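Scroll down for the structure; my scribbles are underneath it.
Please treat every number below as a calculation from the coordinates, not as lab data. Everything numeric here is computed off the predicted structure, so don't read it as measured data. All Cβ positions, even for glycine, are placed from backbone atoms using ideal geometry, and neighbour counts span all protein chains on display.
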Amino acid sequence: MVPGVRLVVLGKQGAGKGTQCVRLSHHYVVPHISTGDMLRAARKSGSELGIKVQEVMDRGELVSDDLVMEMVAERLAEPDARARGFILDGCPRTVHQAEVLAALLNPGHLDLAVNLHVPTGLVLKRLASRRVCVDCGATYSVTSPPKVNWTCDVCGGEVVQRADDTEEAIRRRLELYERQTAPLIDWYERRGQLAHVNGVGSPDAVFRRIVRAVEDRRQRGRVR
Ligand SMILES: [Zn+2]
């Protein structure tokens, strides 16, 4: 079996991050830890944390760094993540979160942060054709729709085009993402933990590039 991995995957919305994270999690046999999925699950569960999350979102605010990191810390403490590692998706978003994560993992114990890069023009095209399941967040597109029209293959939920997937709204979100994550990318780069991976091409080709980046890092002896 391939050794596990401790990987952070960064990339703007529409860069194909979700798809790659699922494949990486199967390849390395580690959990795919997605903060988006965890927030959705928490809201549905009605747990104490879920109610907190719901209240923040109802006020139209972003869930705080601390709340997100609380969730991530809990998940990373579970046996599967402790034993083999994880693919972390959607976190860290800020340098503060990255610092908290580094402290959680003990220094040096993140193998690699992958920055999946796709030009804005291409992302705009992808996002405009995107369709999303309202229940589980599975994504589809005009060219790869669910098997049954507007019905999620995964959970049977309703598949929709998000109202905020207009070109102008997408452009605003992408600009915000760039502003927020530029310092984060610098932070990982300075620590020698960053790999830039070209996200243009078929999902297979992009997947092979990410695996190669991880293997390169292992060979240079920086990975456990
Ligand atoms: Zn679904």
Next item on the list: Among the residues of region 12-67, write down those that are touching a helix residue (DSSP H, G or I) at 6+ places or on another chain (Cβ under 6 Å), of a type in the set (A, V, I, L, M, F, W, C) and in a helix (DSSP H, G or I).
Entry: M38, L39, A42, L49, V53
Next item on the list: Among the residues of region 21-75, count how many are hydroxyl-bearing (S, T, Y), under 15 Å from the mean Cα position of the chain (by Cα) and surrounded by fewer than 16 Cβ atoms within 10 Å (Cβ to Cβ).
Entry: 0
Next item on the list: Any residue in region 145-159 that's over 20 Å from R126 (Cα atoms): show its pairings with residues that are acidic (D, E) and within 12 Å of the ligand (Cβ to nearest atom) at Cβ separation under 7 Å, as long as the two are six or more apart or on different chains.
Entry: C155/D135; G157/D135
Next item on the list: Could you please let me know if A113 is in a strand (DSSP E or B) and either within 16 Å of the chain's Cα centre (by Cα) or within 25 Å of G201 (Cα to Cα) (or both)?
Entry: yes
Note to self: Quick check on this structure: which one of V132, V197, V159 is more than 25 Å from L39 (Cβ to Cβ) and outside any helix (DSSP H, G or I)?
What the structure shows: V197
Next item on the list: Among what's in region 112-139 and is loosely packed, with under 15 Cβ neighbours inside 10 Å and β-branched (V, I, T), pick the residue that is nearest to the ligand (Cβ to nearest atom).
Entry: V134
